[in-house]
Amino acid sequence: MPAHLLQEDISSSYTTTTTITAPPSRVLQNGRDKLETTPLYLEEDVRPDIKDDIYDPTYKDKEGPSPKVEYVWRNIILMSLLHLGALYGITLIPTCKLYTCLWGLFYYVVSALGITAGAHRLWSHRSYKARLPLRLFLIIANTMAFQNDVYEWARDHRAHHKFSETHADPHNSRRGFFFSHVGWLLVRKHPAVKEKGYYKPGLLLMCFIPAHACALCSGGETLSHALFVATFLLLAHLFGYRPYDRTSVPGEYPGVTWTVGEGFHNYHHSFPYDYSASEYRWHINFTTFFIDCMAALGLAYDRKKVSKAAVLARIKRTGDGSYKSG
C-alpha cells in the first residue's frame with residue numbers, strides 16, 4: 001500500500017485527531033477594504049489547557065546593559081569531554097563490530113524519540129495525549145538522550161516559544177549560532193533553577209551503562225569501542241525560509257533529516273500545538289510516523305492538527321511569499 005494511503009488510513013481509522021480551523025477574518029470599523037490587525041494567536045487557535053508556549057509579542061527586553069555572563073565550568077568541561085569522545089568515536093567506527101554500530105543507531109533513534117515525541121511534542125506542547133505504557137517508554141527514552149529531565153526541558157522550551165529571541169529565551173539565537181545550540185548550556189541561566197527529581201541516577205542507568213554493557217556482553221567488543229561509538233557518538237534557527245511567519249527568526253530547514261522531523265521551525269513556531277510540527281505529517285518526519293503508529297495501537301490519541309484553511313490564512317497574513325503548495 002502506498003505510504004500516503006497508509007497514512008490516511010491510520011489517521012482516519014483509529015483515535016481521533018483534533019483539527020484546529022482558521023479564525024474568521026474581521027474588517028475595520030471604518031469600512032475600508034482592509035483586514036483588522038489580529039494577534040498571531042486567537043483563543044480558538046489555542047489548547048484550553050496550556051498557553052505557556054504561545055508567543056508573546058508584547059514582551060520586550062529591558063533597556064540597559066546585559067547582565068554579566070557567568071560560566072558554568074562543570075558544564076563546559078563535561079560538554080567538552082562528551083564532544084571529544086564523539087570525535088574519537090568517529091575514528092573507531094571502521095574497527096568496531098557491526099552490532100555495536102547497529103546498537104548505537106538503535107540508541108540514537110530511541111533517544112531521539114524521547115526528545116521529539118516525548119519532551120517536545122507531548123510534554124512541552126501537549127499536542128497529543130499518550131497512555132501510560134507510551135509515557136513510560138518516552139520518559140525512559142528521554143533519559144537516554146542526556147538532555148535534562150522533562151520538567152526542565154519543557155520549561156525551557158515553552159519559554160523559548162513564549163519569549164522567542166529575547167533574553168528570556170533560554171537559547172536566544174540573536175546571541176549567535178553557537179550560543180543557541182551549545183553555549184546556553186555552558187552559562188548560568190537567569191534566574192537559576194533548582195534541579196528536580198531523580199534525573200542523574202536515571203541518566204547513569206539509562207544513558208551510559210546499557211549503551212556499552214550490551215555491546216560488551218554480546219560478542220567481545222572492546223570497552224573503548226562500546227563506550228565511544230555506542231554512547232558519545234550520539235551527540236549531535238538561524239537559517240531557512242519563513243513561509244508562515246516572516247517576523248519569526250526560526251526558519252524552515254526540513255533538510256535536517258537527522259532531527260527526525262524537527263526541521264520545520266517556522267511552521268512549528270507558527271503552530272506550536274500541531275502534533276506533527278510540520279504541515280506535511282510523514283514527509284521527512286519519522287516522529288510523526290511514530291506517533292501515528294502509536295495511535296494505531298491505541299497508545300496515542302487526541303492528536304492536534306492545524307487545518308489547511310488555518311495554514312493558508314496564516315501564510316497570507318504573515319508569510320514571506322516563499323510558500324509553495326503541494
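The values are calculated or read from the model by the stated rules, or taken from the named source; none is laboratory data. Please read all numbers here as calculations on a predicted model, not as lab measurements. As a convention, Cβ positions derive from the backbone with ideal geometry for all residues, glycine included, and neighbour counts pool all protein chains shown.
Odds and ends about this structure:
- Residue-level analysis places Ile140 among those that are more than 14 Å from the chain's Cα centre (by Cα) and aliphatic (A, V, I, L, M).
- Matching residues, region 157-171, being surrounded by 21 or more Cβ atoms within 10 Å (Cβ to Cβ) and either in contact with a strand residue (DSSP E or B) (Cβ under 6 Å, 6 or more places away or on another chain) or of a type in the set (Asp, Glu) (or both): Asp169
- Subset of region 290-326 (residues that are modelled with pLDDT under 95, within 21 Å of the chain's Cα centre (by Cα) and in a helix (DSSP H, G or I)): Val311
- Figure legend. Inter-residue proximity from region 160-188: first residues within 13 Å of Asn75 (Cβ to Cβ), second residues at pLDDT 85 or above and among the acidic types (Asp, Glu), beta-carbon distance below 9 Å, spacing 6+ or different chains. Indicated pairs: Trp184/Asp156; Val187/Glu70; Arg188/Glu70.
- Where Thr100 falls short, out of the listed (1) surrounded by 14 or more Cβ atoms within 10 Å (Cβ to Cβ); (2) closer than 30 Å to Val306 by Cα: (2)
- Top-ranked residue in region 130-144 [being touching a strand residue (DSSP E or B) at 6+ places or on another chain (Cβ under 8 Å) and surrounded by 17 or more Cβ atoms within 10 Å (Cβ to Cβ); ranked as farthest from Ala159 (Cα to Cα)]: Leu134
- Cross-chain or 6+ apart pairs with Cβ under 6 Å, region 126-155 first and outside any helix (DSSP H, G or I), then basic (Lys, Arg) and buried (at least 22 other Cβ atoms within 10 Å of the Cβ): Ser127/Arg121; Tyr128/Arg303
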